[in-house]
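What follows is one structure encoded as structure tokens, with my remarks underneath.
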Amino acid sequence: MPDLKADIAVVGAGIVGLAHALAAAKRGHRVVLFERTPQAQGASIRNFGMIWPIGQASGLIHQRALRTRQLWLDLAPKAGVWSAQTGSLHLAYADDECAVLAEFADRAPALGYAVELLDRDAVLARSHAVQPAGLKGGLWSATELCVDPREAIAALPDYLAREYGITLRFSTPVHHIDLPLIHTPAETWSVDRAIVCSGADFESLYPQLFANSGLTRCKLQMMRTAPQPGNWRLGPMLAAGLTLRHYPAFECCQTLVAYTQRIAAERPEFDRWGIHVMASQNGLGEITIGDSHEYDWVVNPFDNPAIDRLILDYLQTFLAAPALHIAQRWHGIYAKHPEQATFIAEPARGVTIVNGIGGNGMTTAFGLAEEVFAEWE
């Protein structure tokens, strides 16, 4: 038997893996964290950095997001990670968008959301970054939090090692799991339980299970500006009408049907590329912009400049920033299930796969990990 032992092995050091490593260590387990690359490079660093409870489905998922938010607020300063409690504004420039926001604001208290419907003047008083031309109103939520995902995902492993004694194994792919043994190229570990958080990597471990899981991959195109001049700050993170069609929180609104039909008829390219547009700003002053959604098991590696153009054109209908010089462009890939908020499976005794969180890892991962461990206790 190997000399290297732990209670729990976590495979994958993206946000989902980090969340499960933290949840395990907080409960006193000895944890080893494996990551095949020198630093996590997937969807966990290729996102807005939004912790976004306002968009999550009411009930369990929304409560999971609020719990994740609280854990971020506790964790970020301890790990030396920049964060800002910005809140969010959903902006309306058409009557049917206003109707959806008004209906959601009316339903929100019973569903557990704390929001405020604002008229045009109240929106402009809250944010100097909003394009005033054509603005009709907006929806304010105070629960949204922003981090820089590149900084956070890089800093959290060292914090977990320092604070909780988690053993880090970066540049260490896991080749095979046959509990109690975890096999890597250079080491074999003995563990009681393994948690596989492999994101969009469906091929390395349990490929047949993933092939039959119903999961698919989603490719999203995003951009980032250079730092804004003069220390200009965005303030609340911004979204507009297209976002109402994207997040499940708004599916309760009957008025959403007419808006969705209008956009599909007038702007079919938004549906073709799964475009909705949001903006966040990190501590460096850079504005992160996105995004699109293309679903397929096999993702096209080549980005489409026309998609970026559609995103930027729509962005400028609601954002009035000093400068929109694009300094970085990229695409991210995440795993998503078409019907479930998460995909959890046990391919072997003591092995748990946690996947399929879609684009909500930053928003829900810490809360989800707490739930996973609560079920085992």
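Quick notes on this structure:
- When Pro132 is tested against (1) on the phi < 0 side of the Ramachandran plot; (2) open to solvent by less than 40 Å² (accessible area, probe 1.4 Å), just one condition goes unmet, and that condition is (2).
- Within the range 116-127, considering residues that are aliphatic (A, V, I, L, M) and open to solvent by 40 Å² or more (accessible area, probe 1.4 Å), the one farthest from Leu91 (Cα to Cα): Ala125
- Condition check for Gly138: part of a loop (DSSP other than H, G, I, E, B) and either within 30 Å of Phe34 (Cα to Cα) or at pLDDT 95 or above (or both): no
- Qualifying positions in the range 284-298 - out of contact with any Pro (no Cβ under 7 Å at 6 or more places or on another chain) and either of a type in the set (Ser, Thr, Tyr) or loosely packed, with under 15 Cβ neighbours inside 10 Å (or both): Thr288, Ser292, Tyr295, Asp296, Trp297, Val298
- Within the range 46-69, the set of residues being assigned to a helix (DSSP H, G or I), out of contact with any Leu (no Cβ under 7 Å at 6 or more places or on another chain) and open to solvent by less than 40 Å² (accessible area, probe 1.4 Å) comprises Ile54, Gly55, Ile61, His62, Ala65, Thr68.
- Residue count for the range 236-272, restricted to those that are free of Cβ contacts under 8 Å to residues at least 24 places away in the same chain, β-branched (Val, Ile, Thr) and in contact with a helix residue (DSSP H, G or I) (Cβ under 8 Å, 6 or more places away or on another chain): 1
The values are calculated or read from the model by the stated rules, or taken from the named source; none is laboratory data. From a predicted model like this one, the values you see are computed outputs, not experimental measurements. Virtual Cβ from ideal backbone geometry, glycine too; neighbours counted across all protein chains shown. What goes into the accessible areas is simple: the full protein's heavy atoms, side chains included, and nothing from ligands, DNA or RNA. Shrake-Rupley method; radii C 1.70, N 1.55, O 1.52, S 1.80 Å.
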